[in-house]
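The values are calculated or read from the model by the stated rules, or taken from the named source; none is laboratory data. Just so you know, these numbers come straight off a predicted model, no measurement behind them. Keep in mind that these areas ignore ligands, DNA and RNA; they rest on the heavy atoms of the full protein, side chains included. Shrake-Rupley method; radii C 1.70, N 1.55, O 1.52, S 1.80 Å.
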Amino acid sequence: TLTFGPGTAVSGMSGTNFLTGSATSDLAITATSGIGTLYFEQSDAGTATTVGVSDNIATFTVNGTGAPLVTLGSDVSISTTLALTAGTISDGGHVIKNNGKITGTGTHTSSVGGMISMIGLNKSIANGAATYGNLDFNSGVASAFTMAADPTITGNLSFTGASNKLTIGTNRTLILNG
């Protein structure tokens, strides 16, 4: 575990690393070859961490309490999993480009222009009754998107590109509040 204060730069890390900062820390991450796992956990209702990421992330996990736990300061690209284990992520008006699946029971909130965009073929909301702000299914070719969970969408649900099929699993409920 590496503890840092505001303005601290971190480089040269590989493997699994844990960064610990104060509840008021902002985190700017610059990587040249992708980030394996980015994990945020907070055990109190402290101030949100603002995150700006310059490269792709394989797995982005939000786990903890506080509203919001993480606020994005830039668009983020995720290649494998957005894990909303617990707590809240605010897109801050930015786009979470998810090329994988979403898991968990946490909360995503959207500001104007912000959303989670499920990009590519055959993507899924895999498990958990999470709450989403704006959610977009985006594919350049006809594709099936699957909800194997019971999500609540408080913002807009949209389909862009050639996306034309949403499969809601057996005995599942989709709640639209937007």
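Check whether at least one residue in the stretch 70-78 is on the phi > 0 side of the Ramachandran plot and open to solvent by 20 Å² or more (accessible area, probe 1.4 Å), and report yes or no.
Checked the stretch 70-78: no residue is on the phi > 0 side of the Ramachandran plot and open to solvent by 20 Å² or more (accessible area, probe 1.4 Å).
For the stretch 110-121, state whether one or more residues are modelled with pLDDT under 90, assigned to a loop (DSSP other than H, G, I, E, B) and not small (Gly, Ala, Ser).
yes
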